[in-house]
Amino acid sequence: MNRRTKIVAVAAAVLLTLGAGGVAVASGGNDGHGNHGVREAAALTGTAKLYRPAGDDITFSFDAHLAAKDNKDPQAATGTFRFSHYKDGKGGYAVAKVDCLTTGGKVAVVTGKVIETDVDAFRNKRVGVSVHDDGKRDRLGYSWVGRDTNLEVPPCLSAAPFEKVLPGTGDFTVLPWQVDYPTE
């Protein structure tokens with residue numbers, strides 16, 4: 001492969017990666033990794049099913065973003081996330097409007113108010129979900145775990161990612177938050 005072909009191939013791969021990962025790029029600035037352009041402050045995208053040997057169909061999908069201009073305010077995050085749990089034709093779903101997103105490395109925590117559901121216990125409640133984007137071994141946690149759980153949680157909080165994702169279904173992408181610390 002000649003040099004020009006390699007450059008074109010690398011450029012195409014970068015564009016595909018940026019498009020698939022939900023990274024917003026604009027002109028100007030430096031994203032902290034030596035790349036020029038402005039990227040989102042944080043993001044969580046993707047879908048996965050949880051591992052359940054009994055056959056439950058539990059799915060989580062995320063489209064959560066924190067704009068670069070809101071880097072110091074994770075409660076300015078936007079987007080939605082959806083979760084559902086079905087078994088033997090019974091179950092339910094909920095859609096939440098994102099109201100906070102924090103990420104660190106390959107871990108994300110997102111909260112949101114449920115805006116659509118067929119499960120009364122979730123109606124108008126804030127719920128939280130955590131994700132560990134670990135390639136083929138993704139994990140997930142949610143705030144409503146436990147016997148006597150109060151579904152309403154504060155913004156930006158959830159349980160640790162204790163659930164295993166069904167192999168072959170996890171395609172989470174976590175864009176790490178880069179907090180700017182004062183230098184003086």
Practice task
Identify the single condition in (1) assigned to a strand (DSSP E or B); (2) under 14 Å from residue 163 (Cβ atoms); (3) not polar (S, T, N, Q) that residue 144 does not satisfy, given that it satisfies every other one.
Solution key: (1)
Handout entry: Yes/no for residue 10 being modelled with pLDDT under 90 and assigned to a loop (DSSP other than H, G, I, E, B)
Key = no
Handout entry: Contacts under 6 angstrom Cβ, first residue in the stretch 68-95 being without any contact (Cβ under 8 Å) to a residue 40 or more places away in the chain and farther than 23 Å from residue 156 by Cβ, partner of a type in the set (Phe, Trp, Tyr) and open to solvent by less than 60 Å² (accessible area, probe 1.4 Å), 6 or more apart
Key = 84/93
Problem - the stretch 30-39, subset at pLDDT 50 or above and open to solvent by 20 Å² or more (accessible area, probe 1.4 Å), residue nearest to residue 132 (Cα to Cα) - result: 39
Completion exercise
Cβ pairs under 8 Å, 6+ apart or interchain, first in the stretch 161-176 and touching a residue at least 40 places away in the same chain (Cβ under 8 Å) and farther than 13 Å from residue 60 by Cβ, second charged (D, E, K, R) and loosely packed, with under 15 Cβ neighbours inside 10 Å, ordered by first then second residue, are 167/136
Practice task
Select, from 97, 113, the only residue that is modelled with pLDDT of 95 or more, surrounded by fewer than 19 Cβ atoms within 10 Å (Cβ to Cβ) and more than 20 Å from residue 47 (Cβ to Cβ).
Solution key: 113
Exercise for the section: Filter the stretch 155-184 for residues that are open to solvent by 70 Å² or more (accessible area, probe 1.4 Å) and of a type outside the set (A, V, I, L, M) and give the result. Expected result: 162, 164, 167, 168, 171, 180, 181, 182, 183, 184
Problem - Hits in the stretch 103-150 (condition: under 19 Å from residue 61 (Cα atoms) and aliphatic (A, V, I, L, M)) - result: 107, 108, 109, 110, 114, 115, 119, 127, 129, 131, 140, 145
Fill in the blank from the handout: In the set 79, 92, the lone residue that is within 15 Å of residue 40 (Cα to Cα), modelled with pLDDT of 95 or more, in contact with a His (Cβ under 9 Å, 6 or more places away or on another chain) and not in a loop (DSSP other than H, G, I, E, B) is 79
Exercise for the section: Those residues that are open to solvent by 50 Å² or more (accessible area, probe 1.4 Å), of a type in the set (Asp, Glu) and either on the phi > 0 side of the Ramachandran plot or under 15 Å from the mean Cα position of the chain (by Cα) (or both), I need them from the stretch 123-154; list them, please. Expected result: 134
Completion exercise
In the stretch 47-65, residues that are outside any loop (DSSP other than H, G, I, E, B) and either over 20 Å from residue 114 (Cβ atoms) or open to solvent by 30 Å² or more (accessible area, probe 1.4 Å) (or both) total 6
Problem - Given (1) open to solvent by 40 Å² or more (accessible area, probe 1.4 Å); (2) at pLDDT below 95, index of the condition residue 107 fails - result: (2)
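The values are calculated or read from the model by the stated rules, or taken from the named source; none is laboratory data. Remember, it's a predicted structure, so these values are computed and weren't measured experimentally. Cβ atoms come from the backbone with ideal geometry, glycine included; neighbour counts cover every protein chain shown. Accessible surface is based on the protein model in full, side chains and every heavy atom, while ligands, DNA and RNA are left aside. Shrake-Rupley method; radii C 1.70, N 1.55, O 1.52, S 1.80 Å.
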